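Values in this text are rule-based calculations from the coordinates and carry no lab data. What you see is a predicted model; the values in this text were computed from it and never measured. Positions of Cβ are backbone-derived with ideal geometry, glycine not excepted, and every protein chain shown enters the neighbour counts.
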Amino acid sequence: MYNLSLHEIRKGLLSKKFSSLELTRCFINRIEKFCDLNAFITVSADLALESAERSDKRIADGKSRGLEGIPLAIKDLFLTKGIRTTAGSKMLENFIPPYESTVTSRLLGAGAIFLGKTNMDEFAMGSANVTSYYGRVVNPWSRDKKLVPGGSSGGSAAAVAAHLCVAATGSDTGGSVRQPAAFSGIVGLKPTYGRCSRYGMVAFASSLDQAGPMTKTVRDAAILLKIIAGYDEKDSTSFTEEVPDFESFAGKSIKGLKIGIPKEYRIPGMSEEVIDFWEKGAALLKDAGAEIVDVSLPYSKYALPAYYIIATAEASSNLSRYDGVRYGFRAGGLTLNEIYENTRAEGFGDEVKRRILIGTYVLSAGYYDAYYIKALKVRKLIRQDFISTFEKVDVLLTPTAPTSAFAFNEEPQDPITMYLNDIFTVTANIAGLPGISVPIGLDKLGRPIGLQLLAPHFREELLVQVGAALEEAANFPSLKEMGR
Ligand code: GLN
């Protein structure tokens, strides 16, 4: 039963084919059995088993809610009341939140069971889950060589792909839901900026961060999105926009829809196999009745540099709260300044320090106009590019990442090459658009490849509709047993 989709699990629970307690036990055993994947930072087995018992009772009493008894994994940057939340950092190693994030409280309110908190790049900064203080995550698709799962939501991606949970949450600031989904052969959906509340998510870059579901199927992503989306008075950037029944769009015909193929997404250095699968994806959608249209997004090439200016600027400000005084890790020192300095020197890893340095630099008096303000102007142009393109097409189809997952120790050594992983995903965050990554096939080395669909603001239902059609046509294999 562990490899069923959320949709099937929901049916199985309601028809009493299996109980939530059996299901929860099964996942806890698998988490132990595959602990070498290092997908979880904290496993909350006892709490999960207790909630599963309560859910079984509700099901028996005919009082079940939308996700009653369904075991999920939660990225370790959603604050979970009473359960340690580290954001992948030493800085928050012993941090037990006194309150619940809106996203997780909505999931709990729908009856979901939390198995634990998943590993991630430190403060969500990374594309390979190599910056976590709690160690690397292994991509369950690894065969002869260990592969990275992508990042920063690498633990969530690995947990879903390896069937250690039914589905998981991730967060996406520049691609952290979609890129690990692509690397790990699962579905990842990043909603429109403002669709989901950011209240209680450890902040990285507040104008870009969004929570999103990571699931085995497009339909499952639609089910979770419906539950976590919607206005929240605790997040002033959350939108009052109505939340449609996304699930009803999975399986709807895509006849007559226009799919744009942006030529700027063909870049030097990308894998030939990724290009082939991109073409195949377009052909599959055409066979399903869609019209393929070539489009151009001329400002796309400036998205990555703009992202690494805006994201770092916001991060440097957001991370200033970790001073060793209010909460989290504290190092010793004789003066207040010494405490600040030692805390931040010992508490943050190298990548986080690099981002803080870049961020404070681009915001400094002498460079503010040259970098930060310029990046904001570029952001506006990129957004405009998309808005005018969406007058001609319904959705865009691109690769999610330029390559498939890379092996441990074969990852880019210099940070800039690592940042190139995000080249196709950051545009959606810069423009605030929703995007989804859907697995399309395996390359010659047996590594998953994902394609990305982008839709206009608040049109996630189009991602579900076209994503489900693509998924059905691609017939991507779910990961079977992992040889243990
Ligand atoms: N890989 C990107 C970065 O390191 C995106 C991270 C994210 O979306 N959280 O900034």
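Observations on the model:
- Within the same chain, lysines fewer than 8 places from residue 145 are excluded, and of the rest, those with a Cα less than 29 Å from its Cα are 33, 75, 90, 117, 216, 280, 444, 480.
- Here the spin labels are modelled as points 7 Å beyond Cα on the Cα-Cβ line, and at residue 267 and residue 94 they lie 4.2 nm apart.
- Ordering 363, 417, 339 by Cα displacement along the dipole of region 329-464 toward the positive end leaves 363 in first place; charges were set at the Cβ atoms of Lys, Arg (+1) and Asp, Glu (-1).
- Region 49-88 and region 410-480: distance between their alpha carbon centers, rounded to Å: 28 Å
- Rounded to 5, percent antiparallel among DSSP beta bridges of the chain: 65 percent
- Distance cut-off 29 Å, percentage of C-alpha pairs in region 299-453 lying past it: 36 percent
- Centre-to-centre separation between the Cα atoms of region 96-111 and those of region 313-376: 29 Å.
- Trypsin sites (Lys or Arg not before Pro) within region 193-262, DSSP loop, no more than 15 other Cβ atoms inside 10 Å: 234, 252, 255
- Here the calculated FRET efficiency for residue 369 and residue 276, from their Cβ-Cβ distance with R0 = 60 Å, stands at 0.85, rounded to the nearest 0.05.
- Under the combined filter of DSSP loop state and at most 16 neighbouring Cβ atoms within 10 Å, region 258-343 retains these chymotrypsin sites (Phe, Trp or Tyr not before Pro): 327.
- Using 0.36 nm per residue and subtracting the Cα-Cα separation, the extra length available between residue 236 and residue 317 on full extension is 27.3 nm.
- As a proxy for reagent exposure, ranking 249, 40, 95 by other Cβ atoms within 10 Å from fewest up yields 95, 249, 40.
- Where N is the number of residues in the chain, Cα Rg divided by 2.2 N^0.38 Å: 0.92
- Calculated [222 nm] ellipticity per residue, helices only, for the chain: -11000 deg cm²/dmol; basis is -39500 (n - 2.57) per DSSP H run with n ≥ 4, divided by all residues, nearest 500.
- Electrostatic dipole magnitude of the chain [Cβ: Lys, Arg +1; Asp, Glu -1; Cα centre; debye, to 20]: 500 debye
- Mean separation of Cα contacts under 8 Å, 6 or more apart, over the residue count of region 145-292: relative contact order %: 18 percent
- Rounded FRET efficiency, nearest 0.05, which uses the C-beta distance separating residue 145 from residue 45 and R0 of 30 Å: 0.45
- At an R0 of 30 angstrom, the distance between the Cβ atoms of residue 81 and residue 26 translates into a FRET efficiency of 0.70.
- Ranked 153, 388, 127, criterion: other C-beta atoms within 10 Å, fewest first: 388, 127, 153
- Rounded Å value of the spacing that divides the Cα centres of region 127-154 and region 176-205: 17 Å
- Length available on full extension from residue 294 to residue 417: 0.36 nm per residue minus the Cα-Cα distance, which gives 41.5 nm.
- Cα point-scatterer Debye curve for region 1-103, base-10 log of I(q)/I(0) at q = 0.21 Å⁻¹: -1.16
- Net length gained if the chain between residue 445 and residue 245 were fully extended (0.36 nm per residue, minus Cα distance): 68.2 nm
- Of the DSSP H helices in the chain, those whose Cα atoms cover at least 18 Å axially and whose Kyte score averages 0.0 or more: 303-318, 350-363, 460-474
- The ranking of 204, 424, 114 by Cβ neighbour count inside 10 Å, starting from the fewest, reads 114, 204, 424.
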